[in-house]
Amino acid sequence: MFIPFLLLLICQEGTNVEIDPSKTIIWGPGLKPDKITMGARYVFLQLIDLEGKNLTESPGKDLVTARVQGETLRGHACHVRTQVLDSKDGSFIVRYKLHNTCFNLQLKVQIKEYDLPVLLVKSKGPIYEDECYCPNPSVNNWLEDLECSKNYTQIHHDLAAFAHVDFDELRQDIIKAYDKPGSVSLCHYVVKSNKIFRECYGRHVGFKIFMDSVLLSIARKVSLPDIEFFMNLGDWPLVPKGGKSYPIFSWCGSLDTKDIVLPTYDITESSLEAMGKVMLDMLSVQGNTDTPWEEKVEKLFWRGRDSRRERLDLIDISRNYPDLFNVSITNFFFFKDEIEKYGPGQSHISLFHFFKYKYQLNIDGTVAAYRFPYLLAGDSLVLKQESKYYEFFYNNLVPGGHYVSVKSDLSDLVDKLTWAKEHDEEALRIAKSARQFARDNLLPRDVLCYHVVLFREWSKRLKSKVKVLDNMEEVLQAKHSCECYNGDAKLKEEL
């Protein structure tokens, strides 16, 4: 039996910490599994001490356990994989992945052997696995179920130039302007009746798999509006400012261009494939930062390719200040003639290892460095190079609030690093604020929300009829056996 005010005495860092399990705070989309379908559903737990304050350090990774149970329609046990991640800041992440449709799903969390009834989530179901094609017929209802943000500054900015879009007039002009096989790769997409069709242009179109994947995933969850768009498959944004306003979707934007920006293929794939084929995602980063702030090495740690001159400059700087830096080039491709000076190339190191160091550097590669979200989600201080390139979330970041800004030529990097060492409490505050920003804006729910909101707003601007063209091929959903119960009648009949 659960005792309402049970206190657990935990030995932490040589001190006794009293935890009141009954006051544990829980939130996250994993609490509504019947309404929110994801590859991996997740919830957050914040532990509270006897004085009603949030714990700020880990009470021990084995303290919290979780179990998700359910049954199939025929009464067999559901196949559910569950994982508990200790964020090392007094909070935990519980995530679970369903491998078949479940009924009577229960999420049960324990602190030691004590159940938390406030965390007991029961759903009569059905609870669909991610592979099920059972879309919500209403985009607005789906957005409401996910509690998506009401304010998307970047979307409104990007779409401001496109009040009315007539692809019957623009389509051939766009193809003519950007069908450059040696330098540009893009795909023309149509979503019609929640089916996906495309035709691609260019020599290297392999990255279409990422756009295919997110469209297929979203279409399984919600009925998308009919839309037509062109997707840039390369790193560099395509549409220069001052030129014709061609509507091109890209994964990266810049101050010199006016592409419509989507979440990068990197963060999108990791959001869709969490607890699947990818190891690095926005939640796993938070659960694999094992070094407390006060025990981190007080150096700036960086590894990366030679994809920008400033990355070589970083090596020069580090050699003059070896007590401040641990940085190396991993691969030489752009500056092979300078390997002797800046090499040899060092072996790759897991991003999880980065956070054993107190300071991280986000420096551009060919465009914006797509590791930035993961650095923000870690528990180290991020120093970010000033840049003309940006991702979908940059406009919501505050220099000095979520990261420390560094000049584009890195000329003040040593000064900023010295400041951080001399202002350790402020540096820690910024690092914590960055992680909170990542939790509020960069998790799988947020990535899905951003795509769907953009597609919805884009559909309102299309004046030409959305139609499937003759040369387009359909991007098919993977075959998967799954029954959809869109009303009680069929479910009762089956039961």
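The values are calculated or read from the model by the stated rules, or taken from the named source; none is laboratory data. Predicted, not measured: the structure shown is a model, and the values here were computed from it. Backbone-built Cβ (ideal geometry, glycine too); neighbour counts: all protein chains shown. The accessibility values were calculated without ligands, DNA or RNA, using every heavy atom of the protein model including side chains. Shrake-Rupley method; radii C 1.70, N 1.55, O 1.52, S 1.80 Å.
General observations
- Of the residues making up segment 287-324, those that are more than 26 Å from the chain's Cα centre (by Cα), outside any helix (DSSP H, G or I) and touching a residue at least 60 places away in the same chain (Cβ under 8 Å) are Val297, Glu298, Lys299, Tyr321, Leu324.
- Leading residue by the ranking (least open to solvent (accessible area, probe 1.4 Å)) among those in segment 95-153 that are of a type in the set (Lys, Arg), touching a residue at least 60 places away in the same chain (Cβ under 8 Å) and assigned to a strand (DSSP E or B): Arg95
- Test: residue in segment 405-428 that is assigned to a helix (DSSP H, G or I), within 22 Å of Tyr152 (Cα to Cα) and open to solvent by less than 10 Å² (accessible area, probe 1.4 Å): no
Matching residues to (1) at pLDDT 95 or above; (2) touching a strand residue (DSSP E or B) at 6+ places or on another chain (Cβ under 9 Å):
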position: Asp179; (1), (2): no, yes
position: Tyr189; (1), (2): yes, yes
position: Ser193; (1), (2): yes, no
position: Ile196; (1), (2): yes, yes
position: Glu199; (1), (2): yes, yes
position: Lys208; (1), (2): yes, yes
position: Asp212; (1), (2): yes, yes
position: Leu233; (1), (2): yes, yes
position: Gly242; (1), (2): no, no
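- For segment 241-300, the set of residues classified as out of contact with any helix residue (DSSP H, G or I) (no Cβ under 9 Å at 6 or more places or on another chain) and among the hydroxyl-bearing types (Ser, Thr, Tyr) consists of Ser245, Ser250, Ser254, Thr257, Thr291, listed by residue number.
- In the set Ile227, Ile196, Ile174, Ile248, only one residue is more than 28 Å from the chain's Cα centre (by Cα), of a type in the set (A, V, I, L, M, F, W, C) and crowded, with 17+ Cβ neighbours inside 10 Å; that residue is Ile174.
- Residue in segment 444-486 that is surrounded by the fewest Cβ atoms within 10 Å (Cβ to Cβ), counting only those that are of a type in the set (Asp, Glu) and more than 25 Å from Tyr152 (Cα to Cα): Asp470
- Taking segment 329-360 as the range and being of a type in the set (Phe, Trp, Tyr), surrounded by fewer than 18 Cβ atoms within 10 Å (Cβ to Cβ) and within 17 Å of Phe301 (Cβ to Cβ) as the test, only Phe352 passes.
- Residue tally, condition buried (at least 21 other Cβ atoms within 10 Å of the Cβ) and over 21 Å from Ser22 (Cβ atoms), over segment 40-84: 5
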